[in-house]
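Here's the structure we're looking at; comments come further down.
Throughout, read-outs are computed from the coordinates displayed, never taken from laboratory work. If you're wondering where the values come from, they're calculated on a predicted model, not measured in any experiment. Because the Cβ atoms are built from the backbone with ideal geometry, glycine has one as well, and the counts that use them run over all protein chains shown.
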Amino acid sequence: MIDEKDRIHRSHYAYQIDTSLVGKMVSIAGWVEEIRDIGKLVFLLIRDVSGIVQTVVTGKHLEALKDLTRHSIITISGTIQIGKAKDFDVEIKVDQIEIISRAIQPLPLDPANRIESSLDKRIDSRALDLRNPRICEIFRLKSSVTHVVRSVLQSERFIEVLTPKIIGSASEGGANLFSVNYFDTKAFLAQSPQLYKEQLILAMDRVFEIAPYFRAEKSHTVRHLSEFVSIDIEAAFLDSKDVMDLAEKVLLTVLDRLIVTLEEGGSVSLNKESIAELRKPSIERYSYKHCVDILNHEGEQIEYGDDFSDSSLRKLGQIYKGFYFITEWPLKLKPFYIHEKMGEPFLSESFDLQFGYLELISGGRRHHDSRKLRQRIIDQGLDPSRFEDHLRVFEWGMPPHSGWGLGLDRLMMVLTNAQNIREVVLYPRDTQRLHP
Ligand code: AMO
């Protein structure tokens, strides 16, 4: 039988080591962030996912440190004592030490950030990059954000679903599709859950999905990836305004929860003031027509019906900082499933949610009449025979419905003030990157 004293296991995470434990034996496990050799003793700074602890190694235990490299995985048992270092109230006087897994030297990057690495280099070695607590925090935050979104939507009676990612025909029109060999035929990677989420409200009334989607985006920008995560909702008997209200509720709840997290001192990668500044009582709504007028007034030359170029959106983003909706886009700029505005057939019951120049959400009311939907597919130059599986569902009693898709990665850019979407995606995929 193994004597309990000989067993090295983790009794505490770093964040739990404090003055209340002085005189107690603890065992921690983590990686060596720093080795400070001052002769008769060595200070090892051990980091784990929760924080950092100082440990003091003396006497016979120094032998174990021969060949020890930074970032090696180590377990340490010892007694907590009051420390003299200004950064640590307490330290662990080492009684037992085991080097579990040695890290090579030199490592491809220094997660402690003493030597700065480019974003590309960091992504090349992402697993190691995440040992930087600021970077790891972005992804902990992303996990909290999806948690909050889920709880808001579930409290509104939405059912979480997962729709196929390998599909037989395009969901958003033909462009930007990745094709894959699917046994003896050709399949595609889903660009969005659009058609499935609409079909599901036939019986399920309200559905949402949080999942990755795939677009063969040729342009290399700081806001487009070939694989991105979207939060999609679809709801029966709600109109465009209703689902805009819901988007606003989701967003403001996310901001409120983040503000609470920050007040509790819970995040290193967020700035409380900047999040609080984003949290307005409500989100302004401007019509497309209003935005065209404003932009033309600012010297842009836009005809009603034109889409906004990148430079127009950047100008608009300078005028309307923070979150705002652009509503009632020209119908011709919107996908076939979007419903026209009642009484104004050239406009649509649609909206985008912007943050400055960045589009975060698009959504709107959908067609629920199968004949109109078929006609819109034809009008957009698409082949209705490719949509038969979808169109037949609309003959089984389809309720009026609306929905939206929110780019989670783009939302994380806003919340963490990242200038490049690749900062907030673990393993980004783009025209130039398929590894790691
Ligand atoms: P849309 O194509 O506008 O709408 O996509 C919805 C949201 O997803 C995000 N997004 C992207 N993020 C990163 N990289 C990309 N290549 C990328 N493409 C889109 C954006 C965007 O606002 N079916 C509709 C939604 C709906 O009407 O319900 C759709 O897919 O934040």
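Things worth noting here:
- Approximate spin-label separation Ile73-Asn420, in nm, with each point projected 7 Å along Cα-to-Cβ: 2.9 nm
- Straight Cα distances below 14 angstrom link Lys93 to the aspartates and glutamates Asp18, with same-chain residues fewer than 8 positions distant left out.
- Given their separation in residues at 0.36 nm each and the Cα-Cα distance between them, Asn271 and Asp307 gain 9.5 nm when the chain is fully extended.
- Value of D in µm² per second that Stokes-Einstein yields for the chain, Kirkwood Rh from Cα pairs, at 10 °C (1.306 mPa s): 63 µm²/s
- For Thr416, Thr431, order by how many other beta-carbon atoms lie within 10 Å, fewest first: Thr431, Thr416
- The fewest-to-most ranking of Ser171, Ser226 by surrounding Cβ atoms within 10 Å reads Ser226, Ser171.
- Computed [θ] at 222 nm, helices only, for the chain once each DSSP H run of length n ≥ 4 contributes -39500 (n - 2.57): -8500 deg cm²/dmol
- The calculated FRET efficiency for Asp87 paired with Val260, based on their beta-carbon distance and R0 = 30 Å, is about 0.65.
- Under 13 Å from a label point set 7 Å out along the Cα-to-Cβ vector of Lys60, the amide N atoms of region 72-102 belong to 95-97.
- Low-density loop cleavage sites - chymotrypsin sites (Phe, Trp or Tyr not before Pro) in region 238-308, where at most 12 other Cβ are within 10 Å (DSSP): Tyr304
- Less than 5 angstrom separates the built amide H of Val90 from those of Gly83, all sequence-distant by 5 or more or on a different chain.
- Using the Karplus relation 6.51 cos²θ - 1.76 cosθ + 1.60 with θ = phi - 60°, the per-residue 3J(HN,Hα) values for region 209-218 come to 9, 10, 7, x, 10, 10, 9, 7, 6, 6 Hz, with x marking Gly and Pro.
- The Thr185 and Arg392 beta-carbon pair, evaluated with R₀ = 22 Å, returns a calculated FRET efficiency of approximately 0.60.
- Cβ crowding within 10 Å ranks Asp18, Asp239, Asp129, Asp369 as Asp18, Asp369, Asp239, Asp129, fewest other Cβ atoms first.
- Three-way shape call for region 188-270 based on the alpha-carbon gyration tensor, with the a/c threshold at 1.5: oblate
- Pairs of Lys in region 149-274 closer than 27 Å at Cα, counting only those 8 or more apart or on different chains: 10
- Extension gain from Arg36 to Ser370, taking 0.36 nm per residue of separation minus the Cα-Cα distance: 113.0 nm
- Difference of contour (0.36 nm per residue) and Cα-Cα distance, Glu344 to Ala103: 80.2 nm
- Rounded to the nearest 20, the size of the Cβ-charge dipole of region 267-419 about its Cα centre is 400 debye, with Lys and Arg at +1 and Asp and Glu at -1.
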